[in-house]
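Student: First, the structure itself, so that you have it in front of you.
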Amino acid sequence: MGGGAAAASGAGVALHAGVTRTTLALGQSLQAMVWIAAGSALAAPTLVALGSGSGSANTAALLAWGGLCTVTGVLAAVSGTLFGVLATRERHLFRYFKDR
């Protein structure tokens, strides 16, 4: 699921079925971690290849900056997923599907 209306609809169905918010947040976080790991697995070798191929004195700075951006992206994805789960209310979802 990961985000948007798909995550909201999954959260609403789960909440309606009696799943606790803690279990739902854990499940959504694990799903997000799968695509985060896939993105990081692609970003890391690309970053190393670009950094080692530059041949300049700024290689360490390039690798540090790329690593910082990757870590920031991971934290943003996890916190966004958790915020989406915790902010979802059944009444919002009912209104969304009713107006659809």
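The values are calculated or read from the model by the stated rules, or taken from the named source; none is laboratory data. Not measured: the values here are computed from a predicted model. Neighbour counts run over all protein chains shown; Cβ positions are idealised from the backbone, glycine included. Heavy atoms of the whole protein, side chains included, go into the accessibility calculation; ligands, DNA and RNA do not. Shrake-Rupley method; radii C 1.70, N 1.55, O 1.52, S 1.80 Å.
Student: Could you give me the ³J(HN,Hα) list for the stretch 75-86, computed from phi with Karplus coefficients 6.51, -1.76, 1.60 and θ = phi - 60°, whole Hz, x at Gly and Pro?
Tutor: 4, 5, 5, 5, 5, x, 5, 5, 4, x, 5, 6
Student: Consider a paramagnetic label point 7 Å from the Cα of residue 35 along Cα→Cβ; state which residues of the stretch 72-90 have an amide N under 19 Å from it.
Tutor: Flagged as within label range: 72-88.
Student: State in Å² the accessible area per residue of the stretch 48-100; use a 1.4 Å probe, count heavy atoms of protein chains only, and round to the nearest integer.
Tutor: 73
Student: If you split all Cα-Cα distances of the stretch 36-94 into 10 Å bins from zero, what percentages do you get per bin, shortest first?
Tutor: The percentages, shortest bin first, are 21, 35, 21, 14, 8, 2.
Student: Given a Förster distance of 41 Å, report the FRET efficiency between residue 92 and residue 57 from their Cβ-Cβ distance, rounded to the nearest 0.05.
Tutor: 0.20
Student: Let me ask you something else. Work out from phi, with θ = phi - 60° and the Karplus expression 6.51 cos²θ - 1.76 cosθ + 1.60, the ³J(HN,Hα) of each residue of the stretch 18-31, listed in order in whole Hz, and give x for Gly and Pro.
Tutor: Computed from phi, the couplings for the stretch 18-31 are x, 6, 6, 4, 5, 5, 5, 4, 5, x, 5, 5, 5, 5 Hz.
Student: What's the carbon and sulfur percent of the stretch 27-100's accessible surface, probe 1.4 angstrom, rounded to a whole number?
Tutor: 72
Student: By per-residue mean of other Cβ atoms within 10 Å, what is the highest-first order of 92-99, 28-35, 59-66?
Tutor: So the peptides 92-99, 28-35, 59-66, ranked by packing, come out 28-35, 59-66, 92-99.
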